[in-house]
Amino acid sequence: MFKRKNYLALGAVVLVAALVLSLPASATSRLQLVISSWFLPLFGLANATQRLPADLADNALPRHELLQMIDSLRRENEQLKVGAIQAAATRRENDQLRSLYDWQRQMPWKLKLANVVMRDPANWWRSVQIDLGSRDGLRENLPVLTVDGLVGRISSVRLTSAQVVLLGDPNCRVSALVEDPAQDIGILNASGPLDSSLLDLTYLTGEANLKPGQNVITSGLGGVFPKGIPIGKIVDAQPIEFGLATGARVKLNADLGALEKVWVLFP
Amino acid sequence: MNPLQTLLILAFAFLAVFAESVLSAPRNLLGAQIDLLPGLMVFTALNNDIWTVALLAVLGGLGYDSLSANPLGVSILPLMVVGYLVHARHDLILRTLPFTQFMMGAAASALVPVLVLILLLNGGRQPLIGWSSLWQWLVMTAGGAAATPIIFAFFAWCERNLGYQPLKETSFRPDREILRDRNK
């Protein structure tokens, strides 16, 4: 059982593991980049395979259906254009008022679309990788969202890809504001490893009077997420810590289990 | 060491890690992703030498961690511990029985995530764990256990179709041939 060869192999592996774990952060990220690049051809293949059924379905779609879709999209586009004109007027007015009060100007959001290429294989992290990297101008802590709401933030950036730590991961805590008359502010935490759509809103005051269905948005505190990004809705709330604080559960707007395309926000 | 089998094992590990990061059906259906590396390690430890076990632990662990938020290299030691323990007793384990393969796969799939979590917590990381992690652990154990006999069957099929088969000895010996001739 106790052969010298076995001890040698075990010692060699322990040595390699200790060496890799003790590498400086820059060397680790370079090594990680090299190893993860081995998987790039497979990711390309997987993307092409995933697109194939959709492409086939597009080719099989009847012409009149396509024309109907174009028509409805054209109408939606016109409505959005009218909305954009209105929003531009409001923004001008807002800027004028802000300049009157000497408030800081609000910059419009710049967004970049990214594809989700993979999910974390480990069950104890909630993160995904996207196909934008430092060559696209990405940097750490940029907010990531979908049209439904906030998804997470960039946690690490490589040349052609970046890791997004999702809401609910212990490394992604968000200061959130409940849209109620009192404008209660709390911290969004993970509620459990199984359900990714429900999060805990903690550090609310004991007087917070929350009702199911109230909107939760980013508060802008903390310096990572700009104010006003929708997060979700209050499901229920109860007093905790002997009534000294209030805890609530929030149902996320974005479906974190079915992310395909996300927007990276450059504030 | 059979170089073809070693290459096949490493290729399987590479594809298994990739599949775990791309296929989200198990996670969406069962609430947890199933890890195939512990089952593969059981097969490797029972059928190969210790250096193949070490190679799989290092390359499989690094591949897994490179696609995960785990610190790079944290999965190497848990895989090696499982591989070492199984390999140390490989002469006593009835490796051809599917039930043995199932039980060994279950034990390995249960042990590896626990060891990784212990290393993460010792390293000051905050993985997402709670009471429902027990369910995820059960899913990983059962999934890994079910996958292990399939891994054994897959490599047996590869060995049959890609490897050299030993020539079967016949009982025919020319010096012992009985000649049945009336003239002699």
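The values are calculated or read from the model by the stated rules, or taken from the named source; none is laboratory data. All values derive from a computational prediction rather than experimental measurement. As a convention, Cβ positions derive from the backbone with ideal geometry for all residues, glycine included, and neighbour counts pool all protein chains shown. Side chains are part of the model used for accessible areas, which takes the heavy atoms of the whole protein and leaves out ligands, DNA and RNA. Shrake-Rupley method; radii C 1.70, N 1.55, O 1.52, S 1.80 Å.
Taken together, A:S156, A:S175 contain a single residue that is farther than 15 Å from A:L256 by Cβ and within 14 Å of chain B (Cβ to nearest Cβ), which is A:S156. Residues of region B:52-73 that are among the aliphatic types (A, V, I, L, M), closer than 20 Å to A:S127 by Cβ and more than 7 Å from every other protein chain (Cβ to nearest Cβ): none at all.
Here region B:3-30 is the region considered, the condition is being surrounded by fewer than 17 Cβ atoms within 10 Å (Cβ to Cβ) and touching a Leu at 6+ places or on another chain (Cβ under 9 Å), and the residue that is farthest from A:W38 (Cα to Cα) is B:L4. Being open to solvent by 30 Å² or more (accessible area, probe 1.4 Å) and either of a type in the set (V, I, T) or within 10 Å of chain A (Cβ to nearest Cβ) (or both) narrows it down to one residue among B:D35, B:D49; which is it? It is B:D49. The residue of region B:21-37 that is nearest to the chain's Cα centre (by Cα), among those that are in contact (Cβ under 8 Å) with a residue 24 or more places away in the chain and part of a helix (DSSP H, G or I), is B:L37. Restricting B:L59, B:L40, B:L46, B:L77 to residues that are in a helix (DSSP H, G or I) and in contact with a Lys or Arg (Cβ under 7 Å, 6 or more places away or on another chain) narrows the list to B:L46. Only residues that are open to solvent by less than 80 Å² (accessible area, probe 1.4 Å), outside any strand (DSSP E or B), of a type outside the set (V, I, T) and under 21 Å from A:L113 (Cα atoms) were counted across region A:210-267, and they come to 9.
Here is a yes/no grid of residues against (1) assigned to a loop (DSSP other than H, G, I, E, B); (2) surrounded by 13 or more Cβ atoms within 10 Å (Cβ to Cβ); (3) touching a residue at least 12 places away in the same chain (Cβ under 8 Å); (4) in contact with a helix residue (DSSP H, G or I) (Cβ under 8 Å, 6 or more places away or on another chain):
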position: A:A89; (1), (2), (3), (4): no, no, no, no
position: A:E93; (1), (2), (3), (4): no, no, no, no
position: A:Q96; (1), (2), (3), (4): no, no, no, no
position: A:P108; (1), (2), (3), (4): yes, no, yes, yes
position: A:N115; (1), (2), (3), (4): no, yes, yes, yes
position: A:M118; (1), (2), (3), (4): no, yes, yes, yes
position: A:P121; (1), (2), (3), (4): yes, yes, no, yes
